[in-house]
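Scroll down for the structure; my scribbles are underneath it.
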Amino acid sequence: MESLPASFIGMGLAAAGLAGSGIGLGFMFGKAIEAFARQPGAEAQLSKYVWIGAAFVEAIALYGLVLAFIIMGKG
Amino acid sequence: MLLTTTAISVDAAHAAAAAAPRMDPLHHFQVVKYIQMAPFGLDVSISNSVVWMWISLAAVFFFFRYAFRRPEMVPGRMQSVAEAGYLFIRGIVDENIGPSGKPFFPMVFTLFFFVLFCNWTGLIPGSFTATSQLIVTATLALGIFFLSIFLGFYKHGLKFLGFFVPSGLPVLLLPLMVPIEIISFLARPVSLSVRLFANMTAGHTVLGVLFFFAATLPWIGSWLPFGFSVVFTAVEIFIGFIQAYIFTILTCVYINDSLHLHH
Amino acid sequence: MISSAHAATEAHAQSSGLPQFDSSVFGSQIFWTIVSFLVLMYLLKRYVIPAIGDILDNRSKKIGDDLQHAEKARQDADRLLVAYREQMERARQMAAATLEEARLEASAMRDQALTELGEELAKKRAAALDEIERARVQAMEDVQAAAVDIAMLATEKLIAKSVNRAKAEEMVKDAVSHLEQNKASLH
């Protein structure tokens, strides 16, 4: 296979890793809302950890994005 | 026949692409060296990245100087904000390191506001985000990494190597676990730097794409990306804060791991 | 044709890799990041952090002092209240004591007055009784004497020589004793 089309395919595959992050974010915020519904008093404390967790999960997706950019540079 | 039509269409596409405004959202990450200097083989060229880093740091310093130009018992607006920032960092240090974290407070304080203001000044149109440069975040992360290693050996001597041996594991599992622990330890600076850099890069890339569409689409369609770019700028302000916060928290966690061997 | 287009695209792709991975700008950025970070840390440590720490310490100290003052004022107020209550209680007791004393004195005075009055009355009564007794005795004696005289005269006039003195006195005595016996009814 030519290297350019292969690199495009690779970029797409790497960026597809964002799907996992999306699942993770949805799962986390869903659980968080469930928790807030059960314990409205704990919202202030929990939301801090929700945002930290969101940043972590989001970062995982961005690793894939960075990989895609690296492949773009090499292609 | 097929080949020639393809070639022609590629040619036409190239011609069209050259005429149309070209979308290049990665363009504003380009580091431009304003002054090239390399005394004693040391590259100290001043680029747009460095200039905006300085502007951010000057903003940090003058913000605090301005907020505390007349320190008062009952704080005004700016002073309240500055004090809130101080107490916020002190809370992070106390929470994650404890009383032995007091000597690291200035470093953590500086780190947080360095990253925060670099993230935020990058949102000014026409500016440059120093923290979107992998090498800048990697320098900070490696500095923290080596600091934590130094602290571990300084405080515990060779016992610090026990950090890589999880306690309460059967001996048979050790050949498996120790390399994993070592790799996860070595991955710390990588994940720390890539997280910040990738967040900033991705956020600004999305903003760049939105701005491009807002500027080039006909008016009937441009309001959508424009409105979305406004929303996303607010999200970026929030992400800039969250990333600085996480960078700081993880720094404190790493320092704490080196100071107190919990494993 | 294809290869040239391909080459152009490839060149474009080459140039449009992430600029962050361009290692020609690493050296200066490493240097300036370290230097800038250290300079900022020095500046903040020298000028900013002590100022904020001072003002926060001062404030917490002032709040602590104010709390202490408030606590002291509260204690003072409590003490004053206790003293005031004590004073009130004392005054009340004193008033009660004075009242009791006055009551006792009054009752003593009344008793004394009563006693004196009684004594006076008794004395007056005794004196009156004495007087009466004396008057009675006197009257009795007078009556007796008068009776004797009368009897003597009458006897003298009536029976002249037949009755001597002794006989007459006996008769008078009889008469008097008769009188004495009938005194109760006479009174």
Shielded residues, segment B:54-84 - accessible-area loss of 30 Å² or more between chain alone and all protein chains, probe 1.4 Å:
B:TRP54, B:LEU57, B:PHE61, B:PHE64, B:ARG65, B:PHE68, B:MET73, B:GLU83
In Å², rounded to a whole number, the accessible area per residue of chain A with probe 1.4 Å is 59
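Just to be sure I understand: if you take the accessible area of chain A alone plus chain B alone and subtract the pair, with a 1.4 Å probe, what total do you get in Å², rounded to 100?
Chains A and B together bury roughly 1300 Å² of accessible area.
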For segment B:23-259, report the accessible area per residue in Å² (1.4 Å probe, heavy atoms, rounded to an integer).
47
One finds, for C:VAL35 and B:LEU261 with R0 = 35 angstrom and r their Cβ-Cβ distance, a FRET efficiency to the nearest 0.05 of 0.60
Within segment C:22-42, which residues have the backbone N less than 13 Å from the label spot 7 Å out from B:LEU42 along Cα→beta-carbon, could you tell me?
C:28-36
Of A:TYR49, C:TYR47, which has the most accessible area with a 1.4 Å probe, and how do the rest follow in descending order?
A:TYR49, C:TYR47
Pull out the extension gain between B:MET177 and B:TYR154, defined as 0.36 nm times the separation in residues minus the alpha carbon to alpha carbon distance; nm, one decimal.
5.8 nm
Estimated inter-spin distance, C:ASP111 and C:ALA97, nm [label 7 Å along Cα→Cβ]
2.1
Pairwise burial B:C, computed as accessible area of each alone minus the pair, summed, 1.4 Å, Å²
4100
Multiply the residue gap between C:MET88 and C:SER23 by 0.36 nm, knock off their C-alpha separation, and tell me the result in nm, one decimal place.
14.3 nm
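Show me you know the interface measure: the accessible area buried between C and A, both chains summed, probe 1.4 Å, in Å² to the nearest 100. All intermediate terms of the calculation are to be shown ahead of the outcome.
Working: alone 16680 and 5430 Å², together 21360 Å².
Using a 1.4 Å probe on protein heavy atoms, the buried area is about 700 Å².
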For C:ASP130 the rounded accessible area (nearest 10 Å², probe 1.4 Å, non-protein molecules ignored) is 90
Average beta-carbon neighbours from other chains, 10 Å sphere, peptide C:53-62:
3
To the nearest 10 Å², what's C:MET140's accessible area with a 1.4 Å probe?
50
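Give me the percent of accessible area attributable to carbon and sulfur for the protein assembly as shown, probe 1.4 angstrom. List each step's numbers first, then the result.
Numbers: 21950 of 31900 Å².
C and S atoms contribute 69 percent here.
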Measuring from label point to label point, each 7 Å out along Cα→Cβ, what is the A:GLN39 to B:ARG77 span in nm?
3.8
Could you calculate the FRET efficiency of B:LEU186 with C:ASP54 from 1/(1 + (r/R0)^6), where r is the beta carbon distance between them and R0 is 35 Å, rounded to 0.05?
0.25
Using the alpha-carbon centroid of each, what span in Å lies between segment B:116-161 and segment A:1-43?
26
Accessible surface of C:ASP149 in the full protein assembly, 1.4 angstrom probe, to the nearest 10 Å²?
90
In Hz, Karplus ³J(HN,Hα) per residue of segment A:44-49 (6.51, -1.76, 1.60; θ = phi - 60°; x = Gly, Pro)
4, 6, 6, 4, 4, 5
Let me confirm one metric for peptide B:133-140, namely the mean number of other chain beta-carbon atoms within 10 Å of its residues' beta-carbons.
6
Calculate, axis by axis, the spread of Cα positions in the protein assembly as shown along the three principal axes, and write the results as whole Å, longest axis first.
219, 65, 57
Is segment A:11-74 rounded, prolate or oblate when judged by the Cα gyration tensor, a ≥ b ≥ c being the square roots of its eigenvalues, rounded requiring a/c under 1.5 and prolate requiring a/b larger than b/c?
prolate
Please give, to one decimal in nm, the separation of the simple spin-label points placed at A:SER3 and B:ALA84, each 7 Å out from Cα toward the Cβ.
5.3
Could you sort C:TYR84, B:TYR154, B:TYR245 by accessible area so the largest value comes first, with the probe set to 1.4 Å?
B:TYR154, C:TYR84, B:TYR245
What do you get for trypsin sites (Lys or Arg not before Pro) in segment B:55-164 restricted to DSSP loop and a cutoff of at most 13 other Cβ within 10 Å of the site's Cβ?
B:ARG69
Excluding residues on the same chain fewer than 8 positions from C:LYS173, give the lysines whose Cα lies under 27 Å from its Cα.
C:LYS157, C:LYS161, C:LYS183
Cα-derived Rg to Rh of segment B:23-259, Kirkwood definition:
1.05
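Rank these residues by their accessible area, most exposed first, probe 1.4 Å: A:ILE60, A:ILE52. Could the numbers behind the result be given before it?
On the way: A:ILE60 105, A:ILE52 25 Å².
Order by accessible area, largest first: A:ILE60, A:ILE52.
The values are calculated or read from the model by the stated rules, or taken from the named source; none is laboratory data. Source: prediction; values computed, not measured. Methodologically, a virtual Cβ is constructed for each residue, glycine included, from the backbone with ideal geometry; neighbour enumeration extends over all protein chains shown. Areas reflect the complete protein model, heavy atoms only, side chains present, ligands, DNA and RNA absent. Shrake-Rupley method; radii C 1.70, N 1.55, O 1.52, S 1.80 Å.
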